[in-house]
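Here is the structure we will look at, set down as structure tokens.
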Amino acid sequence: MTNTKVKVREVKLYIDGEYVESSNGSTFEVKNPATQEVIAYVHEAAKEDVDRACRAARRAFEEGPWRTMSPAERSSKIRRMAEIIIERKEELARLEALDVGKPYPVALEKEIPRAAHNLKFFADFMEQQGGEVYPMGEEYLNYTRYEPVGVAALITPWNLPFMLTTWKLGPCLATGNTAVIKPAEVTPLTVSLLGEIAKEAGIPDGVVNVVQGFGPNSAGEFMTTHPEVDLISFTGETSTGKAIMKNGADSLKKVSFELGGKAANIIFEDANLDKAVPTSIQAAFMNSGQVCLAGSRILVQRSIFSEFVERFKKAASELKVGDPQDTQTNMGPVVSEEHYQKVTSYLGIAEEEDSELVYGGKRPDLPEYLNKGYYLEPTIFIQENPQARICQEEIFGPVVTLIPFDMEEEALEIANSTEYGLNGVIWTDNLQRAHRVSHDVRAGTIWVNCWFVRDLRAPFGGFKKSGIGREGGHHSLEFFSEAKNICIALK
Ligand code: NAD
């Protein structure tokens, strides 16, 4: 399917079990990033609407039955949401491709199934959890309960809207909390459907609410300052995390932040390049490089630098850039006009910093109907100075920098030289080096000879300015619960 006219949708707010219009009538447009066509009018939540959503979530939390239901019953409803997502996966994938500009097959085969898995995984996982028991001889007995915290604000970015929202919603609901969700203003479509999916799955009204809008002085800020919100799970930019932390400080909200990244992808001379090259291409250009875990700094040992550059460049030139709805497309546009300006501004910065352009750096040749799309070729620079801005700042687009190094210590120093610490990637056939370097790279996830492999039991989060806290498995249980100890005198 290419170049077909899409219908313009109206996206409403989902509050207390109903889709409603914004109370002040305010709406904003959303465009298809491949064509700039308007694809939706979205109701922007006014302060009163966010207030209603937060109060509905509070009422649903206090009155139950969600909080007091057995874990088995709660989990069965969340698993039903996962089933509905799979039943509707083509529709959801089409919308995600339309809204974000990502290739449809990626949404269909990877992200929407992963979204369903997020819900199912946490439903199953939380159903299995108990508490601890600490007997104190014959006199006292301690036991621990994990109780839900209350109303959670779940705020997500535009790069993986549905997948990242369910990654938060799964553990939030499975531990008995209620939620007010806000997707990013540029990609509201799929997340808005979570309301009807929750309803069909039998989740009580008020447990899941979805508001739409922007950050500052809009829905995002209204949620994070709202007195009824107890905890905030946020994924987005580091600078937004700082603003949210300040806004949530007055009411001491519990926070979990998954923030920006600038991962080092380190290729040692003994790496298997047949695997390292294609995986590094994925790590650099998947989702047009709009991935927090992107391997956007590729550190290559000097002895294999030229060979790697040639192979990497050839593989990048084979990527098909085009219409996200076309099943042959490997890479679509970036998400919005504003983001396109940001990403392409780094082309000038790279030039000023004397970076060597190896490949890309301009708009690709595309059919006429994509002329207004926010497209950039996969772009590769070489930069010897790891302190250059293109090596330090999160570009979050299809722009990658190759940095040569000589010794392992130098690679480590470069890897650790940014303010971020979300993840790292290491390519080597030397087992000792693999462990040694994994320990010394200061980041929350290290992949050795692979990338983007996730087990949802494992902790996920960042060192340094890449985040606060961890989610995944029992880390999510701890974030979305209050652990209570009960001590009983036995005599
Ligand atoms: P962003 O921070 O601009 O926006 C994220 C969300 O926060 C949006 O819903 C936005 O409306 C909202 N928001 C903005 N200002 C706010 C405020 N003052 N108060 C409350 N909410 C506010 O991020 P983005 O541009 O949508 O996403 C890209 C960023 O997300 C990148 O930095 C990327 O690395 C990061 N990210 C991190 C992870 C991770 O797991 N660590 C995953 C995906 C994306």
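Values as computed for the structure displayed
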| item | result |
| --- | --- |
| Nonlocal amide H pairs with residue 463, under 5 Å, H built at 1.01 Å | 421, 422, 444 |
| Backbone N under 16 Å from the residue 449 label point (7 Å along Cα→Cβ), restricted to segment 266-304 | 266-280 |
| Order by protection proxy (mean Cβ within 10 Å, highest first), peptides 370-377, 452-459, 408-415 | 370-377, 408-415, 452-459 |
| Heavy atoms of residue 314 accessible to a 1.4 Å probe, total area in Å² rounded to 10 | 120 Å² |
| Sequence-separation-based contact order of the chain, relative, with Cα cut under 8 Å and 6+ spacing, percent | 18 percent |
| Added length on full extension, which subtracts the Cα-Cα distance from 0.36 nm per residue, residue 387 to residue 435 | 14.7 nm |
| Alpha carbon centroid spacing (whole Å) that separates segment 21-98 from segment 188-246 | 9 Å |
| Cα gyration tensor category, rounded, prolate or oblate, for the chain with a/c compared to 1.5 | oblate |
| Prolate/oblate/rounded call for segment 195-334, Cα gyration tensor, a/c under 1.5 rounded | prolate |
| From phi via Karplus (6.51, -1.76, 1.60), per-residue ³J(HN,Hα) for segment 109-118 in Hz, x at Gly/Pro | 8, 10, 6, 5, x, 5, 4, 4, 4, 3 |
| Partner aspartates and glutamates for residue 246 [C-alpha distance under 18 Å; skip if fewer than 8 residues away on the same chain] | 221, 228, 230, 237, 258 |
| Accessible area in square angstrom per residue, segment 165-274, 1.4 angstrom probe | 27 Å² |
| Cα gyration tensor category, rounded, prolate or oblate, for segment 33-85 with a/c compared to 1.5 | oblate |
| Gained length - residue 341 relative to residue 407, 0.36 nm times residue gap less alpha-carbon distance | 20.1 nm |
| Accessible-area composition of the chain, carbon plus sulfur, in percent [1.4 Å probe] | 50 percent |
| Label zone at residue 129, where the point sits 7 Å out along the Cα-to-Cβ direction: segment 166-210 residues whose backbone N lies under 15 Å | 167-178 |
| Calculated [θ] (222 nm, deg cm²/dmol) that DSSP helices of n ≥ 4 give over the chain, each run adding -39,500 (n - 2.57) | -11000 deg cm²/dmol |
| With DNA, RNA and ligands ignored, accessible area of residue 114 (1.4 Å probe; Å², nearest 10) | 50 Å² |
| Distance (nanometres) between label positions extended 7 Å along Cα→Cβ at residue 368 and residue 18 | 4.9 nm |
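The values are calculated or read from the model by the stated rules, or taken from the named source; none is laboratory data. Here the structure is a predicted model, which means the values were calculated and not measured. Counting neighbours? That spans all protein chains shown, and the Cβs are built from the backbone with ideal geometry, glycine included. Only protein heavy atoms, including side chains, enter the accessible area calculation; ligands, DNA and RNA are left aside. Shrake-Rupley method; radii C 1.70, N 1.55, O 1.52, S 1.80 Å.
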